Protein chains: 2
Amino acid sequence: MAGDADWGNLGTQDWQAGRASQRKRAFLSTGLGVLASSETYSLPVSSSSWEPPVGTPFLSGPCTSSSEAQAMAETPSQSPKNPRVSGVTVQLEMKPLWEEFNQLGTEMIVTKAGRRMFPTFQVKILGMDTLADYALLMDFIPLDDKRYRYAFHSSAWLVAGKADPATPGRVHFHPDSPAKGAQWMRQIVSFDKLKLTNNLLDDNGHIILNSMHRYQPRFHVVFVDPRKDSERYAQENFKSFIFTETQFTAVTAYQNHRITQLKIASNPFAKGFRESDPDSWSTPSALSWGPTI
Amino acid sequence: MAGDADWGNLGTQDWQAGRASQRKRAFLSTGLGVLASSETYSLPVSSSSWEPPVGTPFLSGPCTSSSEAQAMAETPSQSPKNPRVSGVTVQLEMKPLWEEFNQLGTEMIVTKAGRRMFPTFQVKILGMDTLADYALLMDFIPLDDKRYRYAFHSSAWLVAGKADPATPGRVHFHPDSPAKGAQWMRQIVSFDKLKLTNNLLDDNGHIILNSMHRYQPRFHVVFVDPRKDSERYAQENFKSFIFTETQFTAVTAYQNHRITQLKIASNPFAKGFRESDPDSWSTPSALSWGPTI
DNA sequence: AGTTTGTCACCTAGGTGGCAAAGT
DNA sequence: ACTTTGCCACCTAGGTGACAAACT
């Protein structure tokens, strides 16, 4: 069901944030520090150790295997989890679609203004304490410290060198945070307000990524601890999940034509680019993916 | 600044509610009872007395004067207010537009599916405790117990008889509720998700009104009391505001042609019906309004 | 040469009043 | 006779990839 690889704690994240675009901004005092709910915020995260994201092998286990695992939960062995989060289970929605993209090598567009992800990261949640408050959030960790380029002739990704300087590590709070467990479990939770940008100076609270770099989305469930000194329980109060089939390469323009076609075929907003064939909505051929050299 | 008329406490409201359409639904234990945040809910309200909304003279003072008052705050003399709400001040946005409509006799469309109000009820809030939690909500009280009809020849509203049976009294929680005072005061609070319906069996949590009846929108600021027995402080923890220039007649189709034209001229979504004249965005002639006979 | 940017036509999603038809 | 309903064309608002131009 869930792998046990220790991906390390929440990576390096700074706290330069961005103003709330205009949405709710409730304040939580959680183990992750003072979290500001709404769009995307940066936060000084969690652990006692400050790990530089570049050069750090975040993923030491198998990272590109698309897998049949339901949810890959992080389980830091050093700290026991609060029962409010320990029993939480997460199920990725649209898993078949994610896998289809992942087999081709998912690409996500980044723009200056911010671009949504497609597929959208959506999950079904189980096992929360119905009456407790939780915040849900996402962040993105580099899959390696490489920069890539795409060889059109061979239709393959090549390593183009060492990674560019790391972008400001931001997190995106689900805008409904905080909310009761009952509310989160009532229906599918969708991160459709999350946007990716390549603008290092982004002011809109979007997630900042380096183009031509690979990333792994990560999902965090944070129990909003009502205790006054909740900061002390940082490690116990959150649980993180990784779905390897959601990893992707950030790009400013699509590289792999098959990805473009699959996006057009499956994203309703790209319907304008469909030739016709309202039926060919399924099963492109599987293609193995992996950086070549 | 604020009138002192005692409008009575929150009127009759039942608790038949409706499912949350799909938004956040945090639960508050407040003086108003257990409040469910999100779209629109019905609630068993507040006071010890249960006042039938029909036949009760909610408004004993002058009710159609458009007035220059900033906010008409209700101030029940019997109960002292919690300092968390007593200092709260509210300012109606788009006041000139509301007044323009009110002079003609504002009409609001009600449909089975639910129709937004135009103008949208929007307020600027001052004087909250920055760190305290508040819920903001609206309800609608009958301005009288009459049913009206419009005489096209004389362009005037006539009393058509006694009011129809009262509709289920629902309240609409601002979807961002609950939130900190700081958040509410950060920018204009807009009730643009609020919808009006004439469907007595409405299942979407919309505000149910009788067509051809007159209503007064009411705005409530509720301090979310963290005390365990907060129900006991019901009366102290909320403050209500009435802007007489926002009163209107519910209709299924516009009656007064001038209202139609002003809606078309001022609502961006109705731009398709504008003849031309991108400049004639201002000052229709003033017209006195009032039920004739 | 490889990558990024800005603009565009074409969508989805949903808020308008008009209007003919149906209700009551 | 009066009121309500359903459907429509026409908007706003914003999410798509294509593509030419600009950048480095």
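So which residues in region B:81-90 are over 14 Å from the mean Cα position of the chain (by Cα) and either crowded, with 21+ Cβ neighbours inside 10 Å or not in a helix (DSSP H, G or I) (or both)? Selection gives B:Lys81, B:Asn82, B:Arg84, B:Val85, B:Gly87, B:Val88, B:Thr89. Looking only at region A:164-180, filter to residues that are under 17 Å from A:Thr197 (Cα atoms) and in a loop (DSSP other than H, G, I, E, B); which one of those is farthest from the other protein chains (Cβ to nearest Cβ)? Among them, the one singled out is A:Asp164. For region B:194-211, a residue qualifies if it is closer than 14 Å to B:Ala166 by Cβ and in contact (Cβ under 8 Å) with a residue 60 or more places away in the chain, and the qualifying residues are B:Asn198, B:Ile207, B:Leu209, B:Asn210, B:Ser211. Answer yes or no as to whether B:Arg274 is within 16 Å of DNA strand C (Cβ to nearest atom) and at pLDDT below 95. Answer is yes for this residue. Might you let me know whether region A:123-142 holds any residue that is closer than 24 Å to A:Gln255 by Cα, open to solvent by 40 Å² or more (accessible area, probe 1.4 Å) and away from DNA strand C (no atom under 12 Å from the Cβ)? No, that holds for no residue.
Table: residues versus (1) away from chain A (no Cβ under 14 Å); (2) acidic (Asp, Glu); (3) within 16 Å of DNA strand C (Cβ to nearest atom); (4) under 19 Å from B:Arg170 (Cα atoms).
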| site | (1), (2), (3), (4) |
| --- | --- |
| B:Asn199 | yes, no, yes, yes |
| B:Ile208 | yes, no, no, yes |
| B:Ser211 | yes, no, yes, yes |
| B:Gln247 | yes, no, no, yes |
| B:Ala250 | yes, no, yes, yes |
| B:Tyr254 | yes, no, yes, no |
| B:His257 | yes, no, yes, no |
| B:Lys263 | yes, no, yes, no |
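In this structure, B:Thr111 does not qualify as crowded, with 17+ Cβ neighbours inside 10 Å, away from every other protein chain (no Cβ under 14 Å), under 20 Å from B:His206 (Cβ atoms) and within 16 Å of DNA strand D (Cβ to nearest atom).
Within the group A:Phe121, A:Phe140, which residue is within 16 Å of DNA strand D (Cβ to nearest atom), of a type in the set (Phe, Trp, Tyr), under 30 Å from A:Pro83 (Cβ atoms) and modelled with pLDDT of 95 or more? Within the list A:Phe121, A:Phe140, the selection yields A:Phe121.
Total residues in region A:181-205 satisfying the condition of being in a strand (DSSP E or B) and not small (Gly, Ala, Ser): the figure is 4. For A:Lys146, indicate whether it is more than 14 Å from chain B (Cβ to nearest Cβ), away from DNA strand D (no atom under 16 Å from the Cβ) and either surrounded by fewer than 21 Cβ atoms within 10 Å (Cβ to Cβ) or within 30 Å of A:Asn237 (Cα to Cα) (or both). Answer is yes for this residue.
Among the residues of region A:206-224, those identified as over 13 Å from the mean Cα position of the chain (by Cα) and part of a loop (DSSP other than H, G, I, E, B) are A:Asn210, A:Ser211, A:Met212, A:His213, A:Val224. Scanning region B:243-259 for residues that are within 13 Å of DNA strand D (Cβ to nearest atom) and either of a type in the set (S, T, N, Q) or crowded, with 20+ Cβ neighbours inside 10 Å (or both) yields a total of 6.
Among residues of region B:181-193 that are at the interface with chain A (Cβ under 9 Å from one of its Cβ atoms), those with a beta-carbon under 8 Å from a residue that is open to solvent by less than 50 Å² (accessible area, probe 1.4 Å) and at pLDDT 95 or above at least six positions away or on a different chain give the pairs B:Ala182/B:Met128. Just wondering, is there one or more residues in region B:224-238 that are within 13 Å of DNA strand D (Cβ to nearest atom) and open to solvent by less than 10 Å² (accessible area, probe 1.4 Å)? No, the conditions are met nowhere in region B:224-238. Given the conditions (1) within 14 Å of DNA strand D (Cβ to nearest atom); (2) under 16 Å from A:Gly105 (Cβ atoms), report the number of the one that A:Ala270 does not fulfil. For A:Ala270, the failing item is (2).
The values are calculated or read from the model by the stated rules, or taken from the named source; none is laboratory data. Values in this document were obtained by computation on a predicted structure and should not be read as measured data. As a convention, Cβ positions derive from the backbone with ideal geometry for all residues, glycine included, and neighbour counts pool all protein chains shown. Note: areas computed on protein heavy atoms with side chains; ligands, DNA, RNA excluded. Shrake-Rupley method; radii C 1.70, N 1.55, O 1.52, S 1.80 Å.
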